[in-house]
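A.B. asks: Here's a structure for you.
Throughout, read-outs are computed from the coordinates displayed, never taken from laboratory work. Since this is a predicted model, take the numbers as computed values, not measurements. Cβ placement follows ideal geometry from the backbone for every residue including glycine, while neighbour counts extend to all protein chains displayed.
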Amino acid sequence: MTVVTKLAACRPVSIHFPALAILALTACSAGEVLSPPKTPSGYITKLVLTPDKQTTTVHQVVHLKAFAKSSTGDSVLVHVEWSATGGTVDSTGAFSATQPGTYQVVGTLPTGSVPPDTATISVLAAMAGVVLKPDSATLQPGGAVSFTVSGRLTDGSLTSLEGALFSATGGTITAT
């Protein structure tokens, strides 16, 4: 019999079943669903990280998971040892970086029974602001001016902002 419970604090819990057994659980989960660990049937043939590729921005967290594939076709979530070529990755697979770049995050089974797997995380600079060119315009009646808009990234570079919406006070704007 499998028992799954939610606990709101870190404390022992006893669940009594008449004519069955006393099951004691100790958990520190702050509301996380707990269940017994699963093991794949057969033997582990491959370790797979997901996502295997991800693009994000600086200071954002990418949550990676590791799955063991078995000789019988099972796929089971497993705990691995995490490492990264840059940025940081914690024991749960949460990766983040403070600098733009492309990083490799490696998951390794503690037993070393299969080769490690690698995920590639591309980290881009975050949006710091919007640049409107020209920043102002004075027109004669019936005159027109074309504006462009770019995004200024935290590394100082500019990027195109496709689909930007414009508005004006006094006059009209048309998309061209």
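A.B. asks: On average, how much area does the Cα convex hull of the stretch 123-173 cover when viewed from any direction, in nm²?
C.D. replies: Computed as one quarter of the Cα hull surface, the answer is 4.2 nm².
A.B. asks: Neighbour counts of other C-beta atoms within 10 Å: give me F166, F95 arranged from fewest to most.
C.D. replies: Lowest count first: F166, F95.
A.B. asks: Given the peptides 59-69, 134-144, arrange them by the average over their residues of other C-beta atoms within 10 Å, most packed first.
C.D. replies: Final packing ranking: 59-69, 134-144.
A.B. asks: What does the charge count around V114 come to, taking other residues whose C-beta lies under 11 Å from its C-beta (Lys +1, Arg +1, Asp -1, Glu -1)?
C.D. replies: Once all neighbours under 11 Å are counted, the net charge is +1.
A.B. asks: Given a Förster distance of 35 angstrom, what is the FRET efficiency for A164 paired with T98, based on the Cβ-Cβ distance and rounded to 0.05?
C.D. replies: My answer for the efficiency is 0.80.
A.B. asks: Pop out the ³J(HN,Hα) list for the stretch 59-70 in order, Karplus 6.51 cos²θ - 1.76 cosθ + 1.60 with θ = phi - 60°, rounded to Hz; leave Gly and Pro as x.
C.D. replies: So the J values, rounded to whole Hz, are 6, 8, 9, 10, 9, 9, 10, 10, 10, 9, 9, 10.
A.B. asks: Can you list the aspartates and glutamates whose alpha carbon sits under 18 Å from that of K65, skipping same-chain ones fewer than 8 residues off?
C.D. replies: Within the straight-line cut-off, K65 pairs with E32, D52, D74, E81, D90, D117.
A.B. asks: If you take every residue apart from T50 with its C-beta less than 13 Å away from the C-beta of T50, what net charge results, scoring Lys and Arg +1 and Asp and Glu -1?
C.D. replies: Summing Lys/Arg as +1 and Asp/Glu as -1 gives +2.
A.B. asks: Right, next: To make sure I understand, if each residue's beta carbon is the centre and we count other beta carbons within 10 Å, what order do K133, K46 fall in, fewest to most?
C.D. replies: K133, K46
A.B. asks: Considering only C-alpha atoms, what is the centroid distance from the stretch 46-101 to the stretch 107-154, in Å?
C.D. replies: The stretch 46-101 and the stretch 107-154 have Cα centres separated by 23 Å.
A.B. asks: A further question follows. With 19 Å as the cut-off, how large is the P(r) tail for the stretch 40-176, expressed as percent of Cα-Cα pairs?
C.D. replies: 63 percent
A.B. asks: Here's something else I'd like to know. In terms of modelled amide H atoms, which long-range or inter-chain residues lie less than 5 Å from the amide H of V80?
C.D. replies: Here nothing satisfies the definition.
A.B. asks: At a 10 Å Cβ-Cβ cut-off, how would you order Y103, Y43, fewest neighbours first?
C.D. replies: Y43, Y103
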